[in-house]
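The block underneath contains the structure these notes are about, expressed in structure tokens.
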Amino acid sequence: MKMTSYDENYIRTCLDGIMNSEEAEQMKEFIQHGNITTYSHVLSVACMSYMINKRLKICSDPRSLVIGAFLHDYYLYDWHVSPKSHKLHGFNHPVLALKNARKSYALNPIEENIIISHMWPLTLTRVPRCSEAVIVCISDKICAIYEFLRKNRSVYHISDLYVI
């Protein structure tokens with residue numbers, strides 16, 4: 001199922017005021033996987049999550065799903081740089097992403113659970129507690145694998161992603 005212009009417009013509407021913020025612009029400078037920026041990664045996860053919800057007719061809250069997915073890696077640093085604070089990035093960044101997102105935006109409980117639990121099962125005690133968080137957790141893994149395998153491409157458009 002290819003993303004339609006309606007889908008893209010809906011996602012952009014949900015992220016109005018977020019995806020063009022100064023902090024989001026910073027995310028364009030940090031590499032996530034391969035050559036993919038953190039910004040491209042979180043936008044891909046938001047799109048993948050939205051499309052999984054739509055395709056599987058899960059009936060999750062699409063707005064919270066998209067916002068939580070976009071903010072799930074809102075930690076605002078390059079985790080490839082080697083200070084000791086980044087050593088356990090995989091375990092610690094959800095807490096920092098949630099802290100940063102709370103400073104900038106009024107989050108609802110669904111969005112908070114998406115952000116804090118997206119690394120489950122690596123973070124065993126931070127369990128997804130709603131369908132939206134489960135969808136983002138799965139989408140994050142799908143996108144990370146895609147980005148790793150496609151690491152020679154530095155940018156791709158949000159409509160490049162397909163959901164079976």
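The values are calculated or read from the model by the stated rules, or taken from the named source; none is laboratory data. The shown structure was predicted, so the numbers you read here are calculated from the model rather than taken from an experiment. Glycine also receives a Cβ, built like all others from the backbone with ideal geometry; neighbour counts cover every protein chain displayed. Ligands, DNA and RNA are stripped out before the accessible areas are found, and what is left, the full protein with its side chains, is counted by its heavy atoms. Shrake-Rupley method; radii C 1.70, N 1.55, O 1.52, S 1.80 Å.
Considering only segment 4-49, how many residues are over 19 Å from LEU149 (Cβ atoms), open to solvent by 10 Å² or more (accessible area, probe 1.4 Å) and outside any helix (DSSP H, G or I)?
10
In segment 48-65, what residues are of a type in the set (A, V, I, L, M, F, W, C) and in contact with a Ser or Thr (Cβ under 7 Å, 6 or more places away or on another chain)?
Answer for segment 48-65, where residues must be of a type in the set (A, V, I, L, M, F, W, C) and in contact with a Ser or Thr (Cβ under 7 Å, 6 or more places away or on another chain): MET48, ILE52, ILE58, LEU65.
Do we have SER40 as out of contact with any helix residue (DSSP H, G or I) (no Cβ under 6 Å at 6 or more places or on another chain) and at pLDDT below 95 here? Lay out the reasoning, then the answer.
Values: out of contact with any helix residue (DSSP H, G or I) (no Cβ under 6 Å at 6 or more places or on another chain): yes; at pLDDT below 95: yes.
In short, yes.
I'd like to know if segment 58-79 contains one or more residues that are charged (D, E, K, R), open to solvent by 10 Å² or more (accessible area, probe 1.4 Å), more than 21 Å from LEU96 (Cα to Cα) and at pLDDT below 90.
No - not one qualifying residue is present in segment 58-79.
Just checking, which of ASN113, ASN100 is polar (S, T, N, Q) and surrounded by fewer than 21 Cβ atoms within 10 Å (Cβ to Cβ)? Walk me through how you get there before you give the answer.
Numbers: ASN113 fails: surrounded by fewer than 21 Cβ atoms within 10 Å (Cβ to Cβ).
Only one candidate passes the filter, namely ASN100.
Run ASN92 past the list (1) open to solvent by less than 70 Å² (accessible area, probe 1.4 Å); (2) in a helix (DSSP H, G or I); (3) modelled with pLDDT under 95 and report the number of the one that doesn't hold.
Failing condition for ASN92: (1).
Restricting to segment 27-49, name every residue that is out of contact with any Lys or Arg (no Cβ under 9 Å at 6 or more places or on another chain) and not small (Gly, Ala, Ser). Can you show your working first?
Just the residues of segment 27-49 that are out of contact with any Lys or Arg (no Cβ under 9 Å at 6 or more places or on another chain), to begin with: 27-32, 41-49.
Answer for segment 27-49, where residues must be out of contact with any Lys or Arg (no Cβ under 9 Å at 6 or more places or on another chain) and not small (Gly, Ala, Ser): MET27, LYS28, GLU29, PHE30, ILE31, GLN32, HIS41, VAL42, LEU43, VAL45, CYS47, MET48.
(1) modelled with pLDDT under 90; (2) open to solvent by 70 Å² or more (accessible area, probe 1.4 Å); (3) in a loop (DSSP other than H, G, I, E, B): which one isn't true of ARG126, the others all being true?
Looking at each condition in turn, ARG126 falls short on (2).
Hey, among the residues in segment 50-78 that are part of a loop (DSSP other than H, G, I, E, B) and aromatic (Phe, Trp, Tyr), which one's nearest to ALA106 (Cα to Cα)?
TYR74
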